[in-house]
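Quick notes on the structure that follows.
The values are calculated or read from the model by the stated rules, or taken from the named source; none is laboratory data. Every value quoted in this text rests on a predicted model; they were computed, and no experiment measured them. Cβ placement follows ideal geometry from the backbone for every residue including glycine, while neighbour counts extend to all protein chains displayed. Just the protein is used for accessible areas: all its heavy atoms, side chains included, with ligands, DNA and RNA removed. Shrake-Rupley method; radii C 1.70, N 1.55, O 1.52, S 1.80 Å.
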Amino acid sequence: MRSTPREKGSSITRVLEIIEAVAAAKDPLTPTALAEKLDIPKASAHRLVQTLESEGFLQFGLRGGLLPGERLHATAVNILNSGRHKALRQAILRELSADIGETCGLSVPDGLDMLYFDRVQTNWPLQINLPIGSHTPLWCTASGKLYLASLPPEQLERVLPRLPIQQMARNTLTDLSALRDDLARVREENLGTDSEEFIDGMVACAVPVRDAQGRLLACLFSHAPVIRCSMEQLLGFVPRLRAAAKELESIVGG
């Protein structure tokens, strides 16, 4: 027997619950499904969803399900970049960069790009400068491929044909079949790699930083000029990157 929808609770509470549910959903929820899940009257749920969509916090996917909107993505990045988290995160990144002697940072998915939202630059005179705020492609970067490999197969197959794939460097994979094979390897190894696929003369690797539900929250990466650090040498630092990722996950959990 269906329970009577609750009548109490402020609109603010309901808005926050809607945002929380959309952000946590494995598959996009329709407004009706959202109302049932949260035990909110359907009319109220539709009205609040309409407001959140018009304000840019939510958006509708191609199949009518709700997805986080641009403002919600920006809010999430700003929370991760807040003072308390930033101090702890920077301490971990600085220690990691000092240990391996190369630039390290964090990137998050942003539409069809990866967004660099934190990094610690190495002190070597020769370095590759990709500052905070840089947008990088999904199909040819270590972080981007790690994100693509984390997508459910059905979603990945919808995204791949829509990527603006082009030759970025000497080893860029532009053939979808070859890219699919590489993403299968990335998924199996839980490790993204870029061997002169994004920028000629640069190698990179990335490991996942996950939330408490095991979902990809960010990618912890390191990149270096190949003239100083080969792909093989960089991969030797992967255990240290994974340990740092675990530390970062403890911050999220806390």
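What number of residues in region 109-158 are closer than 14 Å to Leu183 by Cα, touching a strand residue (DSSP E or B) at 6+ places or on another chain (Cβ under 9 Å), open to solvent by 20 Å² or more (accessible area, probe 1.4 Å) and of a type outside the set (Phe, Trp, Tyr)?
1
Filtering region 17-32 down to residues that are assigned to a helix (DSSP H, G or I) and either of a type outside the set (A, V, I, L, M) or in contact with an Asp or Glu (Cβ under 7 Å, 6 or more places away or on another chain) (or both), which residue is farthest from Gln155 (Cα to Cα)?
Glu17
What do you reckon, is Ala35 in a helix (DSSP H, G or I), among the small types (Gly, Ala, Ser), open to solvent by 50 Å² or more (accessible area, probe 1.4 Å) and at pLDDT 85 or above?
Values: in a helix (DSSP H, G or I): yes; among the small types (Gly, Ala, Ser): yes; open to solvent by 50 Å² or more (accessible area, probe 1.4 Å): no; at pLDDT 85 or above: yes.
Criteria not met by Ala35.
Of the numbered conditions (1) surrounded by fewer than 17 Cβ atoms within 10 Å (Cβ to Cβ); (2) not in a helix (DSSP H, G or I), Val207 satisfies every one except a single condition; which is it?
Tallying (1) surrounded by fewer than 17 Cβ atoms within 10 Å (Cβ to Cβ); (2) not in a helix (DSSP H, G or I), Val207 fails exactly one: (1).
Suppose we filter region 214-254 for residues that are assigned to a helix (DSSP H, G or I), surrounded by fewer than 20 Cβ atoms within 10 Å (Cβ to Cβ) and in contact (Cβ under 8 Å) with a residue 12 or more places away in the chain; how many remain?
So the answer is 10.
Within region 183-201, is there a residue that is over 17 Å from Leu138 (Cβ atoms) and either open to solvent by less than 10 Å² (accessible area, probe 1.4 Å) or touching a Ser or Thr at 6+ places or on another chain (Cβ under 8 Å) (or both)?
No, region 183-201 contains no residue that is over 17 Å from Leu138 (Cβ atoms) and either open to solvent by less than 10 Å² (accessible area, probe 1.4 Å) or touching a Ser or Thr at 6+ places or on another chain (Cβ under 8 Å) (or both).
Arg170 - would you say it is at pLDDT 95 or above and either in a helix (DSSP H, G or I) or surrounded by 16 or more Cβ atoms within 10 Å (Cβ to Cβ) (or both)?
Criteria not met by Arg170.
Okay, residues lined up against (1) open to solvent by 60 Å² or more (accessible area, probe 1.4 Å); (2) at pLDDT below 85; (3) more than 24 Å from the chain's Cα centre (by Cα):
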{"residue": "Glu20", "(1), (2), (3)": "yes, yes, no"}
{"residue": "Ile40", "(1), (2), (3)": "no, no, yes"}
{"residue": "Ala45", "(1), (2), (3)": "no, no, yes"}
{"residue": "Leu58", "(1), (2), (3)": "no, no, no"}
{"residue": "Gly64", "(1), (2), (3)": "no, yes, no"}
{"residue": "Pro68", "(1), (2), (3)": "no, yes, no"}
{"residue": "Arg71", "(1), (2), (3)": "yes, yes, no"}
{"residue": "Ala74", "(1), (2), (3)": "no, yes, no"}
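Among Ala184, Ala149, which is hydrophobic (A, V, I, L, M, F, W, C), assigned to a helix (DSSP H, G or I) and under 20 Å from Leu234 (Cβ atoms)? Let's see the steps before the verdict.
On the way: Ala184 fails: under 20 Å from Leu234 (Cβ atoms).
Answer to the check: Ala149.
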